[in-house]
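The values are calculated or read from the model by the stated rules, or taken from the named source; none is laboratory data. Everything numeric here is computed off the predicted structure, so don't read it as measured data. Here the Cβ positions follow ideal geometry from the backbone for every residue, glycine too, while neighbour counts run over all protein chains shown. Protein only, heavy atoms only, side chains kept; ligands, DNA and RNA dropped before computing areas. Shrake-Rupley method; radii C 1.70, N 1.55, O 1.52, S 1.80 Å.
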Amino acid sequence: MRVVEVQGNDPEKIASALFSAGVCKVQSFIDEPTANALREEARALLNASAFTAARMGRGASITSEAALRGDQTLWLDDPRCTVGPAFLAELNALSQHLRMYLRMPIQGVEAHYAHYPPGGRYIRHRDRMQSDSARMVSWVTYLNAGWQPEHGGLLRLYDAAEHSVDIAPTFGTSVCFLSDMEHEVLPAYHPRLSIAGWMRRLD
């Protein structure tokens, strides 16, 4: 399975990677001071108990079973977030470029902080569900300073041929992929922080 790597906030190269491989690893989408500010905001709001247990599914199938999905989240448009909305605006600007380059009907962006405590994971799934196909492109930016291999928490992506690739959640790394791509978060053995976002069409 091929992952195309891109340096910086380069919409044309990100779009090309999505078109050719379906997944793109982006280094330094935001600068280090911004990444540090996001990390500190996420940590402060986590310590203030602003995060809530994440759920998976839709409608009657919604569940918050920690064995299936063990993270806690806080949406970036929450009034308690002061740094997060600027990042959300950056994603929205990128989404409009991808809309043009890839001719996708992207009309909006949503994103949240995510915290996986030790032992947390997210089982294999797609972000674009059969019951809700609004999500078109998925995005994650990692905020983990000093992440080590023994900390686990890898993002594992699968292609249609069942080949897989693992990406470590290291500080400043972002991953962009088509939302119908299957993926999972392997168990983390150290607190794991990220921003997860989705470029979507309107319901």
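Of the residues making up the range 16-43, those that are assigned to a helix (DSSP H, G or I), under 24 Å from Asp166 (Cβ atoms) and open to solvent by less than 60 Å² (accessible area, probe 1.4 Å) are Ala17, Leu18, Ala21, Ala35, Leu38, Arg39, Ala42.
In the range 102-140, the residue that is surrounded by the most Cβ atoms within 10 Å (Cβ to Cβ) out of those that are hydroxyl-bearing (Ser, Thr, Tyr) and in a strand (DSSP E or B) is Tyr113. Would the range 54-64 turn up any residue that is modelled with pLDDT under 95, open to solvent by less than 20 Å² (accessible area, probe 1.4 Å), within 23 Å of Glu184 (Cβ to Cβ) and in contact with a Ser or Thr (Cβ under 7 Å, 6 or more places away or on another chain)? Scanning the range 54-64, I find at least one residue that is modelled with pLDDT under 95, open to solvent by less than 20 Å² (accessible area, probe 1.4 Å), within 23 Å of Glu184 (Cβ to Cβ) and in contact with a Ser or Thr (Cβ under 7 Å, 6 or more places away or on another chain), so the answer is yes.
Scanning the range 85-101 for residues being among the aromatic types (Phe, Trp, Tyr) and either assigned to a loop (DSSP other than H, G, I, E, B) or out of contact with any Leu (no Cβ under 7 Å at 6 or more places or on another chain) (or both) gives a total of 1. Filtered by the rule that a residue be under 22 Å from Ala35 (Cβ atoms) and either open to solvent by less than 10 Å² (accessible area, probe 1.4 Å) or within 12 Å of the chain's Cα centre (by Cα) (or both), the range 158-182 gives Ile167, Pro169, Thr173, Ser174, Val175, Cys176, Phe177.
Of the set (1) over 23 Å from Asp10 (Cβ atoms); (2) surrounded by fewer than 15 Cβ atoms within 10 Å (Cβ to Cβ); (3) modelled with pLDDT of 95 or more, all apply to Leu202 but (3). Of the residues making up the range 1-41, those that are in contact with a Gly (Cβ under 8 Å, 6 or more places away or on another chain), of a type outside the set (S, T, N, Q) and under 19 Å from Ala196 (Cβ atoms) are Val26, Phe29, Ile30, Ala35, Leu38, Glu41.
Within the range 144-200, the set of residues being in a strand (DSSP E or B) and either over 23 Å from Leu94 (Cβ atoms) or among the hydroxyl-bearing types (Ser, Thr, Tyr) (or both) comprises Gly152, Arg156, Tyr158, Ser164, Asp166, Thr173, Ser174, Glu184, Ala188, Arg192, Ser194.
Let's see how each residue does on (1) under 15 Å from Glu184 (Cβ atoms); (2) basic (Lys, Arg):
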| position | (1), (2) |
| --- | --- |
| Arg121 | yes, yes |
| Asp127 | yes, no |
| Gly146 | no, no |
| Arg156 | yes, yes |
| Val165 | yes, no |
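Of all residues in the range 89-106, those that are in contact (Cβ under 8 Å) with a residue 24 or more places away in the chain have Cβ atoms under 7 Å from Cβ atoms of residues that are surrounded by fewer than 16 Cβ atoms within 10 Å (Cβ to Cβ), 6 or more apart or on another chain, in Tyr101/Glu12; Leu102/Phe19; Pro105/Arg201; Ile106/Arg201.
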